[in-house]
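Below is one structure, written out as structure tokens; comments come after it.
The values are calculated or read from the model by the stated rules, or taken from the named source; none is laboratory data. Computed from a prediction, not measured in an experiment: that's the story for all the values here. Every residue, glycine among them, receives a Cβ derived from its backbone with ideal geometry; neighbour counts consider all protein chains shown. The protein model used for the area step is the full one, side chains on, heavy atoms only, and it has no ligands, DNA or RNA in it. Shrake-Rupley method; radii C 1.70, N 1.55, O 1.52, S 1.80 Å.
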Amino acid sequence: MTGELHEAKRPVSAVLAGPYGHPFHPMLVAVPIGAWVASMVFDLASRFAPDPGFLAEGSKWLIAIGVLGALAAAMAGFLDLFAIPAGTPAFRTGLLHMGLNLVITAAYAAGFLWRQTGPAAGTAAGTAAGEVALGPLLLSAGSLALLVVSGYLGGKLAYRYGVRVADEVTQAGGFRR
């Protein structure tokens, strides 16, 4: 068991996944999370602003940035998943985390396309010009809710199972006087 635990803390490729104790995946997920949360703020603001077109357009491009960032984070995360021994609770949690993130990314990519090609490019019929339609807004809200669940699972991988976190002996060095 100790060998498996040690294996899950070491990168498959330090160049691609980040060096020991400093994985790239947690750093990269800040991009899609930030972009998608900001896009939701823009979506909601577009429902109240007197001239919402710039907010709807900004939200659309924040979604695109989030999708690109998610693809980069997924590559590093996939390498981290390879380091976890198959059949373990940590591996099953990692698979669920990955699966949710793939669904979320696909939903946001579909939402971006919907806003590009939908009625009045994602604006609601009979609403102020540029206001984000209810459909794309609900898709983003649902995707964001799933992102919270996936983030919880990612936190469980790092903080409960210690995946790609330095071992206790290495961590103890930060607490010596």
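Quick notes on this structure:
- Length available on full extension from Leu134 to Tyr152: 0.36 nm per residue minus the Cα-Cα distance, which gives 3.8 nm.
- With the simple spin-label model, which puts each label point 7 Å out from Cα in the Cβ direction, the Ala166 to Val103 separation comes to 3.6 nm.
- Neighbour net charge for Ile63 - beta-carbon separation under 10 angstrom, K R +1, D E -1: +1
- Once the C-beta distance of Val31 and Ala141 is scaled by a Förster radius of 25 Å, the resulting FRET efficiency is 0.80 to the nearest 0.05.
- Sorting Met40, Met98 on solvent-accessible area from highest to lowest, probe radius 1.4 Å, gives Met98, Met40.
- Peptide packing for 101-108, 54-61 was compared via the average number of neighbouring C-beta atoms within 10 Å per residue; ordered from the highest value, the list is 54-61, 101-108.
- A cut-off under 14 angstrom between Cβ atoms defines the neighbours of Asp43, and their net charge, with Lys, Arg +1 and Asp, Glu -1, is +1.
- Region 136-177 and region 62-86: distance between their alpha carbon centers, rounded to Å: 13 Å
- If you plug the beta carbon distance of Arg176 and Leu95 into 1/(1 + (r/R0)^6) with R0 = 41 Å, you get a FRET efficiency near 0.65.
- Under 15 Å from the Ala45 label point (7 Å along Cα→beta-carbon), backbone N, region 131-154: 131-132
- Listed peptides 75-81, 141-147 by packing density, highest first (mean Cβ within 10 Å): 75-81, 141-147
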